Each structure stands twice: as C-alpha cells, then as structure tokens.
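Enquirer: Just passing along the structure, written as structure tokens.
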Amino acid sequence: MSAVVFSEYGGPEVLSIAQRPVPAPGRTEVLVRISSAAVSTADVIMRKGSPFVARLAMGLLKPGKPVLGTEYSGVVEQCGADVDRFVKGDIVVGATGDDFGAHAQYICVDEQAVLAQVPEGLDAADMLAISEGAMTALPFLRDAGGIRKGMQVLVNGASGSVGSAAVQLARHFGAQVTAVCSAGNAELVRSLGATEVIDYASEDFTAGEARYDIVFDAVGRSSFAACRRVLKPDGAYLCTVLSFGILMQNWLTGRSSGQRARIILTGLRDAKLRAKDLRYICRLAGEGVLKPVIDSRYPLEQVREAHTRVDSGHKRGSVLLDLP
Ligand SMILES: NC(=O)c1ccc[n+]([C@@H]2O[C@H](COP(=O)([O-])OP(=O)(O)OC[C@H]3O[C@@H](n4cnc5c(N)ncnc54)[C@H](OP(=O)(O)O)[C@@H]3O)[C@@H](O)[C@H]2O)c1
C-alpha cells in the first residue's frame, strides 16, 4: 500500500510516498481501506516539529511515527474473528488520536477504537470533514464551556475546521453565535448559523460592547487577559492552542466560579469518550444539523501541496487527502 512518510522535521518537502505492507487485522480489529484523510493543523505541527512541545509526542530529534494523519474515512475491508460491531463493506469514519497513521491506504484499528458508521446517504468525505472539526469543538463547548440554550457565544477563527464546527454546534445547543473571521468568510459563517459577524481585519472583538458567556478562540489568536473584558462575570475563555500561558490560566482558574480559562487536548481524551462523541456527531450529521466545510481536496501524490495549504493558516474548513 502507499503511505505518506517522513523521517525528519521540516517543510512539506520532507514528505514522500513509500510502499508498505498492508497490515493484517488482529482478532478484535478491522482493516479499513481509507478513501480520504484530513490534513490537519496537528499534522503540519508534527511535520515541522514546532512548536517544540510537539516533539514530546513525536520524538525529540526525529519523528518516531513515520505516517501522519489522524481523521479518516473509508470502507471496512476485513474483520478479525471476534469483531461484532462492524462488517465488511461498512462505510466508516474514524480518528486515531496521537497514534497517527491515517495518511495511508489501509489502517487496522480495534473495533472499540474511535470508529463509527457513516450515516446512510452521507458521503464519507463529507462526514470526515464534519467530524474533523466537531471532534474538537464538541468537548470544548459542552465540557469546558458548559454551553446551554440562550448563551451568548463568540467563536474566533470561525471559518477554520474547528471554528466552523463550533458555530454549528453552538447554534444546535441554542446559543446566539457571534463569529469572528475575515470579510470573505462572512457569508459562510452566517450560513452555518452565526447571527453576528465581526471582521477581524477591521474590528477588535475584545474592544466591543457585547458580553459573552463563552469566548471560544478556535485559532488561538487572542488571550484570556484581553478577552476578560468581553466575558460575563462567570464566562469561559476556551482556547485550542497550547501555550504555557493558557496552561497556567487553566490551572489558576480551575476551581473558579467566576471567569475561567480552559484548554483541552482533545486527541488525548479517553478513547471510549471520543468514540461516543464520534457516534453523536455522526447522528447530528445524519439529521442534517452539521454540514461539511471543505476547503480543498488533493490526490495522494499532491500531499506536499495539501500541507502547504494548511501551512497558510487560511484554509476554510478541512483540507482532505484522497487516497487511491
Ligand atoms: N486543543 C486541541 O486538542 C486541538 C485539536 C484540534 C485543533 N487544535 C488547534 O486548533 C487550531 C485551529 O485549527 P483549525 O484546523 O480549525 O485551524 P485552521 O483551519 O487552520 O484555521 C484557519 C482559519 O483561521 C482563520 N484565521 C486566521 N487568522 C485569524 C485571526 N487572526 N482571527 C480570526 N481568524 C483567523 C482563517 O481565516 P482567514 O483566511 O479569513 O484569515 C482560516 O479560515 C489549530 O491551531 C490546531 O492546532 C487544537
């Protein structure tokens, strides 16, 4: 099978396509033939080995996991003898978390892993694009933010994969959503459910008059200190991007009933919880609550171009890699 491999940290040029044996499923595993995989911001961080903290997961001097890719969709090709949750031919969507390995034509995963059936009538690549952002946005809004009907929620970076899912989920939970993005993406975020839109190029949302129950910075371009002004007295500042500052603020406000800051490393959460979330997200997608936002799709041989697009920091939703 073909897989995208890398053996040193650097730009997209460190990626190449190599041939590897197709893995054989164990008794409780399924073999999935991957049709599409997301090229995520986490993939480019791991490829670069920067910020340095990424190397704690990937290897200090060189990458220890040669195949990147966490979110994927495809078809179950073979089942181990003890598998009873899936059958050959099931169309599935999955996430490997910090095991990576999805930028390949095949992957073997345990049937209890983060894997779910794509709802009938939904395209597998569309389901993948929905789940990529929603698997992060859901635990942030629900668990860290305690989102409830009627809340005022601001999403910064609302046009990215996490942000676009957050806008849709927040609307689904009955919140009023203000989206922060560039003018070119205003129409997109309104179509996803935002009622107010702030263009970050011409307006600083932290200087406005509105007050929010949740400020969800999906792209980590703000700070807790700057956002406190626009947070309600018991408001939550949620940030997806790891930094020493957010870790300290998370710890300092950990027991606060007032304003608080939170970060979650969603890919490191318990696999059972993530699997449950994935099934819930699939259900919402099947009901038409969540829509895919796909920036672009690249064939396997253009994996470097796909990484370059993600590196730009301006993708709208997901960048997908299509495997032959
Ligand atoms: N904590 C976790 O477990 C976790 C999990 C997943 C992802 N993440 C992190 O979450 C971040 C977001 O991921 P993503 O895939 O959603 O990102 P993304 O798709 O790369 O975000 C790009 C979007 O951000 C917008 N943007 C760029 N600069 C902005 C600014 N100054 N203000 C507002 N929006 C701006 C861009 O819009 P324009 O083109 O209009 O500028 C673009 O649409 C990444 O840093 C990723 O590492 C964390």
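The values are calculated or read from the model by the stated rules, or taken from the named source; none is laboratory data. Because the structure is predicted, anything quoted here is derived from the model rather than measured. Positions of Cβ are backbone-derived with ideal geometry, glycine not excepted, and every protein chain shown enters the neighbour counts. Ligands, DNA and RNA are excluded from the accessible area calculation, which covers all protein heavy atoms including side chains. Shrake-Rupley method; radii C 1.70, N 1.55, O 1.52, S 1.80 Å.
Enquirer: How many Å² of accessible area per residue for the range 134-267, probe 1.4 Å?
Expert: Accessible surface, normalised per residue, equals 43 Å².
Enquirer: Test of understanding: what is the full-extension gain from residue 255 to residue 276, defined as 0.36 nm times their sequence separation minus their Cα-Cα distance?
Expert: Roughly 4.9 nm would be gained on extension.
Enquirer: Choose one answer from 178, 96, 28: the residue with the largest mean-square fluctuation in a GNM of the chain with alpha-carbon springs under 10 Å.
Expert: Of 178, 96, 28, the Gaussian network model singles out 28 as fluctuating most.
Enquirer: Please work out the FRET efficiency for the pair residue 209 and residue 265, using the Cβ-Cβ distance as r and a Förster radius of 41 Å; give the result to the nearest 0.05.
Expert: My answer for the efficiency is 0.75.
Enquirer: Determine the order of 46, 127 by accessible area, beginning with the largest, at a probe radius of 1.4 Å.
Expert: Largest accessible area first, the residues go 46, 127.
Enquirer: Rank these residues by their accessible area, most exposed first, probe 1.4 Å: 264, 45.
Expert: Largest to smallest exposure gives the sequence 45, 264.
Enquirer: Taking a 1.4 Å probe, which of 122, 192 shows the most accessible area, and what order do the others take after it?
Expert: 122, 192
Enquirer: Excluding residues on the same chain fewer than 8 positions from residue 276, give the lysines whose Cα lies under 21 Å from its Cα.
Expert: Qualifying lysines at Cα under 21 Å: 291.
Enquirer: Applying the Karplus parametrisation 6.51 cos²θ - 1.76 cosθ + 1.60 with θ = phi - 60° to the phi angles of the range 44-52, what ³J(HN,Hα) value in whole Hz is obtained for each residue in order, glycine and proline being reported as x?
Expert: Here the 3J(HN,Hα) series is 6, 5, 5, 5, 6, x, 8, x, 3 Hz.
Enquirer: Right, another one. Apply the Karplus parameterisation 6.51 cos²θ - 1.76 cosθ + 1.60, with θ equal to phi minus 60°, to every residue of the range 214-230 and state each ³J(HN,Hα) to the nearest whole Hz, in sequence, with x for glycine and proline.
Expert: Values, residue by residue: 9, 10, 9, 8, 6, 10, x, 9, 10, 9, 4, 4, 5, 7, 4, 4, 9 Hz.
Enquirer: Moving on. Explain nothing, just the number: dipole magnitude of the chain about its Cα centre with +1 on each Lys and Arg Cβ and -1 on each Asp and Glu Cβ, in debye rounded to the nearest 20.
Expert: Around 840 debye, computed over the chain.
Enquirer: Something else now. Roughly what would the spin-label model give for residue 301 and residue 244, points 7 Å off Cα along C-beta, in nm?
Expert: According to this spin-label approximation, the distance is 4.7 nm.
Enquirer: Could you pull the accessible area for residue 248 with a 1.4 Å probe, rounded to 10 Å²?
Expert: 70 Å²
Enquirer: Tell me the per residue accessible area of the range 71-125 using a 1.4 Å probe; a whole number in Å² is fine.
Expert: Here the residues of the range 71-125 average 41 Å² of exposed surface.
Enquirer: While we're looking at this one, here's another question. Heads up, I need the accessible area for residue 172: 1.4 angstrom probe, whole protein in place, Å², nearest 10.
Expert: Residue 172 has an accessible surface of roughly 70 Å² with all protein chains in place.
Enquirer: Report the accessible area of residue 204, computed with a 1.4 Å probe over the heavy atoms of all protein chains in place, in Å² rounded to the nearest 10.
Expert: That residue has around 90 Å² of solvent-accessible surface.
Enquirer: Sticking with this one: Counting only residues 5 or more places away or on other chains, whose amide H sits under 5 Å from the amide H of residue 118 once H atoms are built in the peptide plane?
Expert: Placed amide hydrogens put 91, 92, 93 under 5 Å from residue 118.
Enquirer: While we're on this one: Pop out the carbon and sulfur fraction of the accessible area of the chain as a percent, whole number, probe 1.4 Å.
Expert: Carbon plus sulfur share of accessible area: 52 percent.
Enquirer: Relative to the first principal axis of the alpha-carbon coordinates of the chain, what is the inclination of helix 161-172, with its axis defined by its Cα atoms, in degrees from 0 to 90 and to the nearest 10?
Expert: In the chain, helix 161-172 runs at an angle near 60 degrees to the longest axis.
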